[in-house]
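Take a look at the structure below.
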Amino acid sequence: MPPTLLKKRLRRKHHRQHARRLRHARRHRPRHQDEQVFVIEPPAQPPKPKPKPKPPPKLPPPPDTNHRNAERLLWRAGFGPRPGDVDHVVSVGIDAAVHELVYPTGTANLIGPAPRDEDGNALAPEDAWGHDHLWWLDRMVRSDQPLAERMTLIFHDWFATSNDKVGSQRMMLDQNATIRANALGSFKDLLTALTQDPAMLVWLDGIENRAGDVNENYGREVMELFTLGADRGAYTEQDVRELARALSGFDADWVDGSGWQNFRYVPRRHDSGSKTVFGQTGNFDWQDALRLLLENLYHASFFVTKLWGYFIPTPPDGATQAALQKLYVDSGYGIAPVVEAILKHPDLYADRALVKPPVVFNAGLLRMLGRGIDTSAWSWLGDMAGQHLFLPPNVSGWDDSTWLDTSTWRGRSMMVTYALEPKHVDPWNGPVYDPAEDAVTAVSRALVFTGGPTLSTETRNTLASFAGSCLPGAMASWQQSPYRAMRQNALRHLILTSSDWQAS
Amino acid sequence: MRNAAAEAGRGLPSVEPGMPTPAGTGLSRRSFLERSAGMALAVYGANRLGLGALREGVAAAASGAPQRVLVSIFLPGGCDGMSVLAPVGDTRYAQLRPTLAIPPSTGTPFAPDARLRWSDPAGGLSTLHGEGKVTVFPAIGYDHPDQSHFTSRHFWEVGATDAHARYGWLGRYLDAAGADDNPLQALSLDSDLSPALAPARVPVAAVERPEDFDFWVPGVDDPVKEPMLEAFGDLGRLATSDPVKAGARKVATEVDTVRRQLAPFATPDGNPSYNSPVTYPDSDFARRLAALGAMLAAGLPLHCVTINSDGGFDTHSGQADSLPGDVKGTCDAVLTFQRDLEARGLADRVLVVLWSEFGRRPEENGSGTDHGAAGTAFVIGAKSSGQMIGEFPGLATLDDDDNLRATSDFRAMYCSLLEQWLGFDSAAVIPGASSFDRPTLVKS
C-alpha cells in the first residue's frame, strides 16, 4: 500500500475512534435530574416559525483602530495574540512592535508546558505519525519569536517539500531546522542550504541528477517556484536543461531498513562540461547555478512579489515594489529588511482580510486560550482543515486562495470544538451559570473569553440577535442557568468560526 | 503545472459579492417528508431534530424534476487493467506476466473479444456486463501518454492534456449548466473536493459521509443547538465589501445548506439513519456508495458525484497479494450499488464511470507492475449501451515505452457522456471536442 493511502486509512481510523469517543461522551454526559422533562417528548405539534428577529440588543463599542491594527500585525506576522499581546503592541506602537518581531534578541524560548499526547506521553516527532505536525504546532503556540516560526512556515510553503515522497520525518525536521536558521537571514544562504538539503535532494530528485542522466526536476522547480517564476520570460526550456546539468552531482546511498544515507557531492557525477544559462557560458557547477539564479534580473521582483503575497492580499504599488526590490538587493538578499518594510506598510492595515492558514488558525486558538499541545487530535484535525505540516499537496505548496470549502470549514469548526472543549461551560454540573444574564452581557462575556477580537459590525449584530432569540420565551426556573450556559458556549463557537475570525 | 493542478485540486468558486444566497422554494415540508418515505419522519420522531433542520434547504433539495446523475469512481494509483480484463488468449501474455498472469481456467468469458476474460475478482463487472449494463473501454488513454500519476490524473480530471487547466471537466460543465444555489449538485464523497469537480463559479461540496456532516459543540444541546446551527448560515449571509470575507461567508452558507440537506441522514449519535434494500460489502467505499444510494432515494439534488475507491492500485510490488482484493472490493461494491439503484427504482437515472489515471506496464517487474499507458474504463448502468469501445490492441505491438497502446481517448468518452447522458454540448466543455469521435455509451 502506498504510504499516503496507509496514512489516510490510519487517519480515518483515528478520526472514527475519536468520533466514537465523542459520541460516547455525549451519550454518557451527566444529566441534570430534571432533564428528562424536555428530552423525551417530541413536540405535540410542529414548533411555531421563528418570530421576526427583534432589533439586536445594543452592544458596547468595538475595539479602536490601534487595537485592531495590533491584532492584524499579530495574526499576519505570527499566530495571533496571547492574552496581553495586543495591549503590548498598542502601548509600544506598530513600528517598535515590528522591530521586536523582526529582530528578536537571543534564541527563542518556548513558554509553557511541553507538548504531550492525550495519554500524557512526550511527543515522538521523528517516529510517530502526526507528531511532526504536533511538534511544530507547539513551537507556533509557545515560541516567544513568532515571526521566526511564521517565516519558517512561509518558506516551508515556498520550498514545499512533502514527506509523502521523502519518507523520513527526521529528514523533514532537519530541513525544518535549516529553514528556521535562515528564515530571517539571507535568501542566498537559505537557497544554498536547501539545494543541498537531504529532504530536498530526495523530493526533487537531486540525487538522481548525474552526468549523462540529467534529471531536470530541481532545475525546473528552482526557477519556476523558488527564484524566478514561470511564464514571465525569465528563462527558456533550454535554460532548464542547462541549469539541471550545472546542478548535477549530488548522491546518497539507499540502505534497506534505514532509507537514504550519506548525502554528499560526488564530483564525478557532476556534468563538468560547458553550459549556457541565461546567455552566459561556463563550466558551471551548482553554486554557479544558484548565483546565476539570484543575479537573474527577474529574481528580485519574484522574491518581493511572492513574499508580499504571504502578508498582504493586494499587490504593492509600483513605487513600493521598486523600493522593496532595492532594499532586497542592497542588503545582499536580506529577508528581514523586506519583511520589516512589509509589516510596517499601510497596506497591511487596510481593510482587505486574508484567510488564516489552518495551522495558523489552530495555533491562534490555542494561544488565545493559553493552552498547550495536550492531544494528538490536532494532526488529523489539520488534515480535515486542509493543512498537515510536512505534507503539502505538491511542490507549489498549499493553495491559499482556496483554504475554505464545505469540508475544510467543518474541519475548522471541529478545531474550535476541540479547542473549547476543556473550558466549556458545563450546563449541568459545576458552578451554576449566571441565570439572569441578558443577551448583551452574554455576547460581551463571549467576546472577552475569545480574547476581545475585532469583529465587523454586521457580525456583532448577528451575534447579538442570536443571543437575544436563541432561548425559549418562557423558561422554567431549572432551565434558566443551563440554557444560558449553552448560549455562552454557542456564542464562543460562533465567534471563532465566523468569517471575521477565520479571515483577518 | 503545480499551481494549476493545485487550483483544480482545491478549487472552489471564486465568490463575488451579490451572488445569490441559498433559497428555499418549491416543495412543502409535508411533501418532502412524504417523499422521503418515513426516513426523515423517523428521524424527526426519534431525535427531536424539529423541523428546523428540515426546512427550506431540504425542501428545496427535494423539489424539481429529478436530474440524471453521473457518478465518477476513481481507482487511484493506476489500476492494472490486465488484471480486470485479462488477455489470456494473447500469446505474449503468459510470457510478459510469468508470475502475475491470470490462469486461463479462471474467470468468465468476455463475449466481444475471445482473447479476453474477466478475472475472478472482477466478477461484479462480469455479471453486469452479462446483463448488458457495462460499456467497456479495453484500452483507453491518450496520445503521448504521461506516466506521472500526478500529470496523467490531472489530464483526466481537467478533461484535457493541458497541464495549466485550472478547473475540472465536470466543474466546467456545472459552471455552464449548474445551479447557483445548490452545493450538492457536485458532491465529492471524500475528505476533500475532487479536482474533476473544481468549478470557477458554482457552489460544490465535499462530504466524506453524509452522517459525518454534524457539528458537535460541547455544552450546546436543545434548545440552543438548532438556533446556533442556523446562525452559521445567518453569519454567512451577511454582506461585505471585502471579497475575501465574502468568500469565507459564502462557504459558511454552503455549509449551512449542506448541513440542512444532510441532517436526515444521521442519528443524534452520528450513525447512519438510512437503510439499504440490499446488503453492501463491509468496506468504507461500499458504505459511501450505500449512503449515495440513500441520498438519491431521498431526492437530494445530486447531479455529478465523485468517489475514490479505497483500494491501492499503484502495485509496483506485491501485486498478487493486494490487487485481487482491491479489484474485488471495488467491483463487488459497484455491483451492489447497481442492485440498490434497481431495488429503489433509480437505475434509469444513474450512470457510473469507473476509471484510473493509466494502466500498468504489460511486462511485470518480478512482483508487480510499473506505470504504463492505456488502461481500462467502464460505463455502468441500466442505460449503459453495453458496447465495447475500441479494441484490445494486443501485446504483440506495444508503444515506444513498451506500454499498451490506447484505442480510445478519455476525452471522447467525456464528450459522449456530456452529450448522451447530461444532454450538454461537449464543445463548451472539452477542448477540441470536435476532433474526437462519439462512442455510443448510452442506450438510445
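Structure data summary
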| read-out | value |
| --- | --- |
| Scope the stretch A:337-390; condition open to solvent by 10 Å² or more (accessible area, probe 1.4 Å), away from chain B (no Cβ under 13 Å) and aliphatic (A, V, I, L, M); matching residues | A:Ala341, A:Met368, A:Leu369 |
| Qualifying positions in the stretch A:75-98 - open to solvent by 60 Å² or more (accessible area, probe 1.4 Å) and closer than 16 Å to A:Pro453 by Cα | A:Arg82, A:Pro83, A:Asp87, A:His88, A:Val90 |
| Unique residue being at pLDDT below 95 and open to solvent by 10 Å² or more (accessible area, probe 1.4 Å) when the list is B:Asp437, B:Asp425, B:Asp409, B:Asp402 | B:Asp402 |
| From the options B:Glu357, B:Glu342, B:Glu363, residue that is surrounded by fewer than 21 Cβ atoms within 10 Å (Cβ to Cβ) and touching a helix residue (DSSP H, G or I) at 6+ places or on another chain (Cβ under 6 Å) | B:Glu363 |
| Residues of the stretch B:118-149 satisfying the condition of being surrounded by fewer than 16 Cβ atoms within 10 Å (Cβ to Cβ) and farther than 21 Å from B:Ala347 by Cα | B:Asp143, B:His144, B:Ser148 |
| Qualifying residue in the stretch B:150-157 (condition: among the polar types (S, T, N, Q), touching a residue at least 24 places away in the same chain (Cβ under 8 Å) and surrounded by fewer than 21 Cβ atoms within 10 Å (Cβ to Cβ)) | yes |
| Residue ID - surrounded by the fewest Cβ atoms within 10 Å (Cβ to Cβ), chosen from residues in the stretch B:206-238 that are more than 7 Å from every other protein chain (Cβ to nearest Cβ) and farther than 22 Å from B:Asp269 by Cα | B:Arg237 |
| Which numbered condition B:His144 fails, given (1) within 14 Å of chain A (Cβ to nearest Cβ); (2) modelled with pLDDT of 85 or more; (3) part of a loop (DSSP other than H, G, I, E, B) | (1) |
| Residues of the stretch B:183-205 classified as touching a strand residue (DSSP E or B) at 6+ places or on another chain (Cβ under 8 Å), part of a helix (DSSP H, G or I), more than 10 Å from chain A (Cβ to nearest Cβ) and not small (Gly, Ala, Ser), total | 2 |
| Scope the stretch A:322-336; condition in contact with a helix residue (DSSP H, G or I) (Cβ under 6 Å, 6 or more places away or on another chain) and either open to solvent by less than 30 Å² (accessible area, probe 1.4 Å) or in contact (Cβ under 8 Å) with a residue 24 or more places away in the chain (or both); matching residues | A:Leu324, A:Gln325, A:Tyr328, A:Val329, A:Tyr333, A:Ile335, A:Ala336 |
| Total residues in the stretch A:274-327, condition under 27 Å from the mean Cα position of the chain (by Cα), within 17 Å of A:Tyr235 (Cβ to Cβ) and not hydroxyl-bearing (Ser, Thr, Tyr) | 5 |
| Test set (1) part of a helix (DSSP H, G or I); (2) open to solvent by 10 Å² or more (accessible area, probe 1.4 Å); (3) facing chain A (nearest Cβ under 9 Å) - B:Asp175 fails condition number | (3) |
| Restricting the stretch A:447-486 to residues that are at the interface with chain B (Cβ under 7 Å from one of its Cβ atoms) and open to solvent by less than 10 Å² (accessible area, probe 1.4 Å), the residue that is nearest to B:Val220 (Cα to Cα) | A:Met486 |
| Given (1) over 17 Å from B:Ser191 (Cβ atoms); (2) charged (D, E, K, R); (3) without any contact (Cβ under 8 Å) to a residue 24 or more places away in the chain, index of the condition A:Arg367 fails | (3) |
| In the stretch A:99-116, the residues that are touching a residue at least 40 places away in the same chain (Cβ under 8 Å), farther than 17 Å from A:Gly78 by Cβ and open to solvent by 60 Å² or more (accessible area, probe 1.4 Å) | A:Pro113, A:Arg116 |
| Residue within the stretch A:162-170 that is under 13 Å from A:Val222 (Cα atoms) and in a helix (DSSP H, G or I) present | no |
| Candidate set: the stretch A:391-402, residues that are over 22 Å from A:Leu365 (Cα atoms) and among the small types (Gly, Ala, Ser); chosen: the one most open to solvent (accessible area, probe 1.4 Å) | A:Ser396 |
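Rundown of residues vs (1) at pLDDT 95 or above; (2) open to solvent by less than 30 Å² (accessible area, probe 1.4 Å); (3) part of a helix (DSSP H, G or I); (4) among the hydrophobic types (A, V, I, L, M, F, W, C), yes/no style:
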| site | (1), (2), (3), (4) |
| --- | --- |
| B:Gly247 | no, yes, yes, no |
| B:Val251 | no, yes, yes, yes |
| B:Glu254 | no, yes, yes, no |
| B:Val258 | no, yes, yes, yes |
| B:Gln261 | no, yes, yes, no |
| B:His316 | no, no, no, no |
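The values are calculated or read from the model by the stated rules, or taken from the named source; none is laboratory data. Keep in mind it's a predicted model, so treat the numbers as computed, not measured. No Cβ is skipped: glycine too gets one built from the backbone with ideal geometry, and neighbour counts run over all protein chains shown. For the accessible areas, the whole protein counts, side chains as well, though only heavy atoms, and no ligand, DNA or RNA atoms are used. Shrake-Rupley method; radii C 1.70, N 1.55, O 1.52, S 1.80 Å.
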